[in-house]
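Quick notes on the structure that follows.
The values are calculated or read from the model by the stated rules, or taken from the named source; none is laboratory data. Computed from a predicted model, the values in this text were never measured in an experiment. Cβ: placed from backbone, ideal geometry, glycine included. Neighbour counts: every protein chain shown. Please note that ligands, DNA and RNA were not included when accessible areas were found on the heavy atoms of the full protein model with its side chains. Shrake-Rupley method; radii C 1.70, N 1.55, O 1.52, S 1.80 Å.
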Amino acid sequence: MKKLTKSIIMVISIGAFMIMMSCKSETKSEIITNDDIFSITGHIKGYDFGAINIELHQAIDERGKPEKTHTTQLKNGTFKFEGKTENSVPASIVFFQGDTITCTLNFFNEAKAINLNIDVNKDDVLCKTPCLNILKYTASGSPLTAKYLSFLEEYNSFRESNSDFQDAFNAISKEYYKAIYGDFNSPSAAPASPTVQKQKTKAFDSINLVELNMAKGFKKQYALKNKASIVGLKVMLDECAPRLFDGDYTKEEIDEVLDIFKGLKNHPLYVSTIDRHKAILGLKIGEKAPNFSLKTPEGETVTLSDYKGKYVLIDFWAYYCKPCIAKIPKLKKLYAKYKDDGLEIIGIHGDKNAEKWLDIIKKHQQTWIQVLDENAFKENSAVIKYGVQGFPLVFLVDQEGNLLETNLPSDDLEDILVKLFKH
């Protein structure tokens, strides 16, 4: 199965915004053992966002992802967050225009006075890609952020040293995304025909495999040099491709990474990483799919085990996820074709914003079952049980309630269902 799309999206986004800094190895663990105060001040130039809402995400959830802890408003190109932190943690500044996420800035929060100077390019903000735009910035007051930016520059230099390959890779990637999602600079442009999509997917998968193997070797060496640093673990988890839990690493490779960073065993990011690994290991094709009970927009409870006798496509999605929205027409087509043959689709919205969820359902006329995972990314939630790291993510359950397919790429859906229902 192909599990490469999400990994490479981040490579394309981040590759354009590397900042010159040098890389140093850490010799001690970066863990704060007592509460302390942080102050984060940001200054923006190059683009006028106006008075928009900005969120600070930093509390580590069960995915090892930052969660929202603070909200403020951008005023005259400046924002500020203050609070306490128990650990030095990966964090994000998230920019909104209305209810839509415009772009993000990833850094590390520490119990220090941190200054972020952000240089925004208008074209970057307005660029319509299937992921969040990553802003270019410089930082002072945060050694971990400096180290993180240094990694990005080191990784970029590594990629640029293979410039001919990267040019070919970027060209094929753009053609692939245009075929699958349409032209993002033209909202009315439709995706390519199924035949063209398959052609572009085959070319993309071939060159992407080479890219992933190159990146894995580079990142492993970085991990070995920075095994006492939380930056090293963060890099392995989800910064640039490949990502530790997106299907690019084998179980043995993941075990090796976890062993490298065992000195961080008391840090919440390492703890959440171990927990996520255990959850994913529990998902085995041929074994029972994790059960869940969630509410529909009408307040009715939907329980997976009640659908024994049907094939169930479980679609994890979110209202702000462009690839999730892009695949709705395909789901509509497949549901209309196979629902009378015993196919059911259960869409699980992995965000507690019920209003936006309902708007999307209505706008796109999704007629299959939709439920809301209000406690998404909390213990025992459906997204945690299924090891969801990001959206979209699709699973197929057979008539006995066993996992038939996991991490199912959107462009594989039709082929698999054709083989299953034989038409």
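Worth pointing out:
- Region 245-268, subset of a type outside the set (A, V, I, L, M) and within 11 Å of Lys220 (Cα to Cα), residue surrounded by the fewest Cβ atoms within 10 Å (Cβ to Cβ): Glu256
- Any chance Asn53 is surrounded by 14 or more Cβ atoms within 10 Å (Cβ to Cβ), farther than 30 Å from Lys219 by Cα and either touching an Asp or Glu at 6+ places or on another chain (Cβ under 6 Å) or modelled with pLDDT under 90 (or both): yes
- Scanning region 363-418 for residues that are within 15 Å of Leu313 (Cα to Cα) and hydroxyl-bearing (Ser, Thr, Tyr) returns Thr367, Tyr386, Thr406, Ser410.
- Looking only at region 75-94, residues that are assigned to a loop (DSSP other than H, G, I, E, B) and either modelled with pLDDT of 90 or more or surrounded by fewer than 23 Cβ atoms within 10 Å (Cβ to Cβ) (or both) come to 4 in all.
- Checking Ala336, Ala376 one by one, the residue that is without any contact (Cβ under 8 Å) to a residue 40 or more places away in the chain and more than 16 Å from the chain's Cα centre (by Cα) is Ala336 and no other.
- Residue in region 284-298 that is among the charged types (D, E, K, R) and either surrounded by 19 or more Cβ atoms within 10 Å (Cβ to Cβ) or modelled with pLDDT of 95 or more (or both) present: no
- Checking each residue in region 296-355 for being polar (S, T, N, Q) and touching a Ser or Thr at 6+ places or on another chain (Cβ under 7 Å) picks out Thr301, Thr303.
- Screening Pro143, Pro242 for residues that are out of contact with any Leu (no Cβ under 8 Å at 6 or more places or on another chain) and either over 24 Å from Phe107 (Cβ atoms) or surrounded by 15 or more Cβ atoms within 10 Å (Cβ to Cβ) (or both) leaves exactly one candidate, Pro143.
- With respect to the conditions (1) modelled with pLDDT under 55; (2) aliphatic (A, V, I, L, M); (3) open to solvent by 30 Å² or more (accessible area, probe 1.4 Å), Ile37 lacks only one, and its number is (1).
- Restricted to helices (runs of 4 or more DSSP H) entirely inside region 103-221, those with at least 1 residues that are closer than 24 Å to Leu244 by Cα and at pLDDT 90 or above are 143-160, 163-181.
- Against the numbered list (1) closer than 18 Å to Pro143 by Cβ; (2) surrounded by fewer than 18 Cβ atoms within 10 Å (Cβ to Cβ); (3) without any contact (Cβ under 8 Å) to a residue 60 or more places away in the chain, Leu224 comes up short only at (1).
- Just one of (1) touching a residue at least 60 places away in the same chain (Cβ under 8 Å); (2) open to solvent by less than 70 Å² (accessible area, probe 1.4 Å) fails for Val196. It is (1).
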